[in-house]
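Enquirer: There's a structure below that I have some questions on.
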Amino acid sequence: MDSSHGGTLAGYAIEGVLGQGGMGTVYRARHPRLPRSVALKLLNADVSTDPELRARFEREANVVAHLDHPGIVGIHDRGLENGQPWFAMQYIEGTDASRLDPRTVSVERAVRIVGEVAAALDYAHSHGVLHRDVKPANILLTTTQAGRVERAVLTDFGIARLMTANTQLTSTGTFTATLAYASPEQLSGIAVDHRTDQYSLACTLFALLCGRTPFAANDPGQVVAGHLSRPVPPLDRPDVPPQLNAVIARAMSKNPAERFASTGEFAAAALRAVSGQAFAYQPQPPLQFQHQPAPHNTWPSAPANQYFPSPAVPPQGWPAAPHHRGAPRPSSPWPAGCALAFGFFLVLFESTASRSGRPSMLRDLHGSLVEADWLDTAYLLFATVPMLFAGRLGDRFGPKNMYVIGMALFLVAALTSALSPNFAIAIVAHAVQGLGVAMIVPQTLAVITRTFPPGKRGAALGLWGGAGGAATLLGPAVADAFVNYFTWRWIFLLGLPLGVVAIALGAALIPTLPAQRSNTDPLGVLLSGTGVLLLVLSVEQGLAQGWTVWGFGLVGGLLVFGLFLLVQARSTSDPLLPGVVLRDRNWWLSGFATVVMTASISALLIAVTISLEVVHGAAVVFAAMVLVPAALITGSFSPIMGNVADRMHPAIIPTLGFALSAIAAGGIAVAMTIDANPTLAFALIGAVLAFGSACVWGPLAAAATRVLPPHRAGVGGGIYATVYLIGPTFGSVAFSKLIGSEYRSGGGLDTGLRNLGLLAVGLLAAGAIATALFIRRNPAPTTPAPGFPVHAAQSFH
């Protein structure tokens, strides 16, 4: 065999190389007996020697050889040459669609190409053949000649399945390019039908018009996340009619049952849209592979946007409500705690609900996916970067004042979001909402620190956790109902009356604590803000664009924040963090354990939700209901376990909680590998995880605040809240990197989810070790808040 130019292969005279890849090489060759050229595909020797792949190759070749359609490149001959299989296929003189410049491709031409490919696919489907690898590179366009128009011809039937079984043989670039057009059901490893080719064809139409794929990203994990959970971005071309966006959105529905009945029907709808005929479609909920159509306009309960994933049961690391002297002066801090718990409920409810309404918002405001990402980024940046400074302002001007101002900002931003005419205003409104969160959250921990004595705070922190758990679950459910029956704008409007109630309760029940006069420490504020800015921005953009550049930003953020802590430790003036805090072993260990717990729970909830909705086809609402018992358990037991922990050595209860959580994470990892529906297993294991987390949140927050002096309670609360907020972003990073790694190595979604569970086991075990090192320490002396006798703060016991 001589496959060089001018040589021969099975009697065919080689004229040149048409293409080359990990699977083999395609040559242009001259037929030995007929005056025509053929495309000769020769499989590589390493592929040819695999008996299983060889048998599959022969079987699929027989199927494709029976196809006879002008839109399909036919197989004319085949054989073996020195043990290597080869095909002789129809030679198409022209180019493939991936080489087209989208600036020169009219909408009408792109729709015509897709229409011709759709006809070929429908023919193949009618003969029981799925392509499985529809993409521009597999669409050949004939050269226009006198009297002939351009014609689209589909090639590479059957090879896609072979490549799926042996993805490790292809380069990362080749695999990623194929991944960019893969359907959610292909990525989840469940059974596929003809509608998987329709999804890929819709991605192809998108690429022909925009020059990029719908979910383009450098990280394969982000490509997978886009296909599984993100809304289809609108076409970024002014000449594209809005109706065509709706057609593509339906063809790319995450739920195959919501797509068109055939690729031909999809192509016909696209043609009608281009011709000006109305077509209405509202995107279906991601991650629902089921037989019944899902409700319109819903968003997956698992974040696509794994940006700032919220645990189903929010951690107690954020303090429960503060206690202040309000109009009717309470005799106990608990009424104020309830008022602040309600305020925190509102903040978390609006955050989770607004993300659930994002697809509808994206469509109504004609925004791009980049703009949608910036909604989350703006919110996170303004919620975390100024958190420490906002906590310091609370110390300086009174936490009640900052809480009320923050809540007012939050409500104004919610109203602005509800009335936003475009994404630019919505992004600004989300940034202002984040600023409101930065002003609200540190004050809650500051007031608890100043009104509940050390050793008596666990129950109050547990109250906060229960409110947060309910908000996380109710937010998406209420948002789905509002989007289905009204509009996404009502999600924000609902926050207005609730916010008025929160402000009224705060004014009536929260006491006015005296301001604490001390140094502002501008260098500390600058370093902490810069470090958090780099961390949050790098994680957000790294998830969206890849880690080649943003990985350095992440490392830089960690270094700057480390420099902040070093400067604070060596400061001889009045630093933001006093030396008594930085010398406290429990403070450091609780911060580490909080990051571990928030990251682990975030990753586990993503894994459980995707497993239920994608792999096992559960509806979004059903998947959320599986987590309801866990939320109830955490909300009910967190105050109780916080109270118990206050009476024992500080290491006992949180170490038990981490150990139980690690066992539960291992159970979740095992449940990912079973073929049967794991709903019941997830519910039972989730109950164990919920009780474990109930043992953790209160004690961790108590350990972080135990030695805080009153004049630094706000700063301490800001640092702890920042640590908690950053934790879930690391859970998103773990999800992205593990899923991407599995697909690069030829693994599947279920394997990636299992490994995510195993990673959580390791992290939670590290958390157990950290909390086991807690020591009993005498707290710094604190002064009870005015209006609260010492015995009042102990009344819970």
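The values are calculated or read from the model by the stated rules, or taken from the named source; none is laboratory data. Not measured: the values here are computed from a predicted model. Here the Cβ positions follow ideal geometry from the backbone for every residue, glycine too, while neighbour counts run over all protein chains shown.
Enquirer: Which condition breaks for MET648 when tested against (1) over 30 Å from GLY406 (Cβ atoms); (2) in a helix (DSSP H, G or I)?
Expert: Going through the list (1) over 30 Å from GLY406 (Cβ atoms); (2) in a helix (DSSP H, G or I), MET648 breaks only (2).
Enquirer: Shifting gears a bit: So is ALA607 at pLDDT 85 or above, small (Gly, Ala, Ser) and in contact with a helix residue (DSSP H, G or I) (Cβ under 6 Å, 6 or more places away or on another chain) or not?
Expert: no
Enquirer: Determine whether SER528 is modelled with pLDDT under 70 and either crowded, with 17+ Cβ neighbours inside 10 Å or touching a Lys or Arg at 6+ places or on another chain (Cβ under 7 Å) (or both).
Expert: no
Enquirer: Let me ask something additional. Tell me which residues, restricted to segment 227-255, are buried (at least 24 other Cβ atoms within 10 Å of the Cβ) and of a type in the set (Gly, Ala, Ser).
Expert: Once the filter is applied, which keeps residues that are buried (at least 24 other Cβ atoms within 10 Å of the Cβ) and of a type in the set (Gly, Ala, Ser), segment 227-255 yields SER229, ALA251, SER253.
Enquirer: Right, next: Name the residue that is surrounded by the fewest Cβ atoms within 10 Å (Cβ to Cβ), counting only residues in segment 661-709 that are assigned to a loop (DSSP other than H, G, I, E, B) and touching a helix residue (DSSP H, G or I) at 6+ places or on another chain (Cβ under 6 Å).
Expert: Filtering segment 661-709 for residues that are assigned to a loop (DSSP other than H, G, I, E, B) and touching a helix residue (DSSP H, G or I) at 6+ places or on another chain (Cβ under 6 Å), the one surrounded by the fewest Cβ atoms within 10 Å (Cβ to Cβ) comes out as THR673.
Enquirer: Any idea which residue in segment 372-429 is modelled with the lowest pLDDT, counting only those that are within 23 Å of LEU527 (Cβ to Cβ) and not in a helix (DSSP H, G or I)?
Expert: VAL385
Enquirer: Given the conditions (1) in a helix (DSSP H, G or I); (2) modelled with pLDDT of 75 or more, and given that PHE57 satisfies all but one, which numbered condition is not satisfied?
Expert: (2)
Enquirer: Let me ask you something else. Under 8 Å between Cβ atoms, which residue pairs at least 6 apart in sequence (or on different chains) link something in segment 361-383 that is among the small types (Gly, Ala, Ser) with a partner that is assigned to a loop (DSSP other than H, G, I, E, B)?
Expert: Listed by first residue and then by second, the contacts come to GLY367/PRO234; GLY367/ASN422; SER368/PRO233; SER368/PRO234; SER368/ASP236; ALA372/PRO231; ALA372/PRO233; ALA372/ASN305.
Results for (1) surrounded by 17 or more Cβ atoms within 10 Å (Cβ to Cβ); (2) modelled with pLDDT of 70 or more; (3) in a helix (DSSP H, G or I), shown as yes or no for each residue.
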site: LEU474; (1), (2), (3): yes, yes, yes
site: THR487; (1), (2), (3): no, yes, no
site: ILE491; (1), (2), (3): yes, yes, yes
site: GLY495; (1), (2), (3): yes, yes, yes
site: PRO511; (1), (2), (3): yes, yes, no
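Enquirer: Any residue in segment 200-225 that is in the same structural domain as ASP122 (by the TED database) sitting within a Cβ distance under 6 Å of a residue that is at pLDDT below 80 and among the β-branched types (Val, Ile, Thr)? List the pairs, counting only those 6 or more apart or interchain.
Expert: The qualifying pairs are PRO220/THR176; GLY221/ILE739; VAL224/ILE739.
Enquirer: Same structure, new question: Quick check, is VAL437 within 23 Å of the chain's Cα centre (by Cα), in the same structural domain as ASP364 (by the TED database), under 28 Å from VAL707 (Cβ atoms) and part of a helix (DSSP H, G or I)?
Expert: Considered against the rule, which asks whether it is within 23 Å of the chain's Cα centre (by Cα), in the same structural domain as ASP364 (by the TED database), under 28 Å from VAL707 (Cβ atoms) and part of a helix (DSSP H, G or I), VAL437 comes out as yes.
Enquirer: Kindly provide the set of residues from segment 630-646 that are of a type outside the set (A, V, I, L, M, F, W, C) and at pLDDT below 80, ordered by number.
Expert: GLY635
Enquirer: Identify, from the list VAL114, VAL134, the residue that is assigned to a loop (DSSP other than H, G, I, E, B) and at pLDDT 80 or above.
Expert: VAL134
Enquirer: For segment 373-389: of the residues being hydroxyl-bearing (Ser, Thr, Tyr) and more than 19 Å from ALA217 (Cα to Cα), which is surrounded by the most Cβ atoms within 10 Å (Cβ to Cβ)? Break it down stepwise before answering.
Expert: Of the residues in segment 373-389, the ones hydroxyl-bearing (Ser, Thr, Tyr) are 377, 379, 384.
With more than 19 Å from ALA217 (Cα to Cα) added as a condition, the list becomes 379, 384.
Values: TYR379: 25, THR384: 28.
Residue satisfying both the conditions and the ranking: THR384.
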